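Here's the structure we're looking at; comments come further down.
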Amino acid sequence: MKSLLSLVLLSSLAAVSAVQQPLQPPNHEAPIRTSPQPLVDSEKLQAHIHADNLLKRAKELYKIAQLGVEEYHHPTRVIGSNGHRGTLDYLYSTLSEYSDYYDISNQTFDAIVGNVFGSRLIFGSSQMSAAPMSLTPPTPGKEPVYGPLVLVDNEGCDPSDYPKNTTGSVSLIRRGICSFGAKSEAAGRAGAIAAVVYNNYPGSLSGTLESPSKYHVATFGLSNEDAQPYIKDLQAGKIIPSYAWIDSIVRKTGTTNIIAQTKGGDQDNCVMAGGHSDSVSEGPGINDDGTGSLTLLEIATHLPKYSVENCVRLAWWAGEEEGLLGSDYYVSQLSPEENMKIRLFMDYDMMASPNYAYQVYDARNERNPNGSQELRDLYTDFYTAHGLNYTYIPFDGRSDYDAFIKHGIPGGGIATGAEGIKTRAEVAMFGGTAGQWYDPCYHQLCDDVSNCNLTAWELNTKLVAHSIATYALSFDGFPKRTGIKSDSAVEDSPYHGPDLFM
Ligand SMILES: *[C@@H]1O[C@H](CO)[C@@H](O)[C@H](O)[C@H]1NC(C)=O
Ligand SMILES: *[C@@H]1O[C@H](CO)[C@@H](O)[C@H](O)[C@H]1NC(C)=O
Ligand SMILES: *[C@@H]1O[C@H](CO)[C@@H](O)[C@H](O)[C@H]1NC(C)=O
Ligand SMILES: *[C@@H]1O[C@H](CO)[C@@H](O)[C@H](O)[C@H]1NC(C)=O
Ligand SMILES: *[C@@H]1O[C@H](CO)[C@@H](O)[C@H](O)[C@H]1NC(C)=O
Ligand SMILES: [Zn+2]
């Protein structure tokens, strides 16, 4: 699940000319139905799902996340890390055991990764609670820099906003008008050694510099409240010595989506499901989204016991946490013909939050591609049939379904909750603790094996199996695809707003 903060324009970076390995469309002259396997059946597929097997995979994934320790000092599966490479190897090699049944492909694209290992900002003798921006470069040599604080005129978007004595100084810049990246670049060009952008309304400020520039300097965000006293002093002509330090990396890395598609079934009518293979840099990401990835992997190992009427295409996206990079890239590379073969896309992100709710994306046909609502109802019917409660959550572009529904493909999915707070009413519905996050370890180091509720995970994995089996068997009554543009108005999601980069 994307965090609100990092849901930025980074998706555009995925388009940075890719070292692309084109997806090989599977070779299929005639539908392959020579196999002796019985036709897929939802109940039978579900019966293969056991919490023990999921737990075993989660433990394996945690070990893989530990491959990230050397570089990141803690377990992580962030793109570009050995933990993520290990995850891809694990997914790919497990799928390869079924290479008679699936066509398996890699889709590699470029992405920018960044990580901040440490930072400090001091004005005068006060340590500031300032947030280093995402994708900020380090201070030179990852060593501290010292210089006077200099107030920049206007919003620091124009070279003339920077006083002559900016050279060798730390620039203090008001938020607004142009992007954080543009401010950092302008400060760097004017000779600043670091930049601090302060908020133009109450509250703290964190953001991203987006795509790297050689002129970027180490850049922080600061709240308006914290900046005001210093602005007053600077306006009164006071000299404020300052100290800035950021230890970070920013680099371009190739990363990979893995796609497995059944050789059997109608290749022109596919049911597609995906989870994301990456985590944030802060932790191992076992619930987010180890659970979705492993749910699909576990099902992928049982599906080959059956034949399918419609093709099943499974995806493990990379770079979800950096801005839905992998899924955006994948959809951007589909020809109109290939796009039309995907009858629906189902997103599985965070299946086992410890303080879980059974959440169903509130996808509606009036707003989303026709069929999204039928999928939503498949999920809610399942929970109802099992005597369980569920809640609807906004279908607002926060995970990998976004590119699909924007390109005319019906979509939906389930989740169990991220940093939202569980209400008392939800405790009556699901148990757990009121007033706490659904996942108290969301995007943190503690998102490890113990952060997964196996009751929720097993039940949801059975539901995922049900969704795959249902559409693998038949699309009867499911709306036909009509076009590759979303015919319905998609509201602007809060995750693509300008707030995060300006
Ligand atoms: C696809 O990627 C996986 C994971 O990185 C790798 O192990 C495998 O060798 C790759 N396969 C091909 C055909 O490139
Ligand atoms: C930099 O120059 C501005 C005027 O352009 C002045 O107000 C400010 O005090 C100077 N700052 C330092 C640290 O010299
Ligand atoms: C569903 O929620 C209601 C309260 O809204 C509660 O009484 C009931 O026990 C819940 N069902 C389950 C299976 O938890
Ligand atoms: C998972 O949730 C169930 C039911 O809500 C609860 O009984 C169980 O203790 C939880 N398991 C863990 C490992 O937290
Ligand atoms: C949606 O699909 C249903 C069932 O196929 C069909 O009856 C309906 O006309 C479709 N609606 C739109 C807006 O295309
Ligand atoms: Zn996620």
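What the table shows:
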quantity	calculated
Dipole of the chain [Lys/Arg +1, Asp/Glu -1 at C-beta], most positive-end residue of Val308, Tyr348, Leu222	Leu222
The chain: DSSP helices with Cα axial extent of at least 30 Å and average Kyte-Doolittle hydropathy no lower than 1.0	none
Longest exposed-site-free window of the chain, the sites being trypsin sites (Lys or Arg not before Pro) in a DSSP loop that have at most 14 other C-beta atoms within 10 Å	34-213
Theoretical ellipticity at 222 nm over the chain - DSSP helices of four or more residues, -39500 (n - 2.57) apiece, nearest 500	-8000 deg cm²/dmol
Lys, Arg +1 and Asp, Glu -1 on Cβ, resulting dipole of the chain about Cα centre, debye, nearest 20	720
Of Leu39, Thr76, Asn53, farthest towards positive along the dipole that unit charges on Lys, Arg, Asp, Glu beta carbons give the chain	Thr76
Distance (nanometres) between label positions extended 7 Å along Cα→Cβ at Arg120 and Ser332	4.0
FRET efficiency for Gln436 and Arg189, using Cβ-Cβ distance with R0 set to 35 Å, rounded to 0.05	0.15
Segment 113-251 shape via C-alpha gyration tensor axes, a/c threshold 1.5	rounded
Estimated dipole of segment 113-251 in Debye, rounded to 20 [Cβ of Lys and Arg +1, of Asp and Glu -1, Cα centre]	200
Cysteines (scope the chain) whose Cβ has no counterpart Cys Cβ under 4.7 Å	Cys452
Cα gyration tensor shape of segment 115-158, rounded if a/c is under 1.5, else prolate or oblate by comparing a/b with b/c	oblate
Inter-probe distance in nm under a simple model that places probes 7 Å from Cα toward Cβ, at Thr455 and Val427	1.5
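Read-outs: derived from the displayed coordinates by stated rules, not from any lab. These numbers come from a predicted model, not from an experiment. FYI the Cβ positions are ideal-geometry reconstructions off the backbone, even for glycines, and counts take in every protein chain you see.
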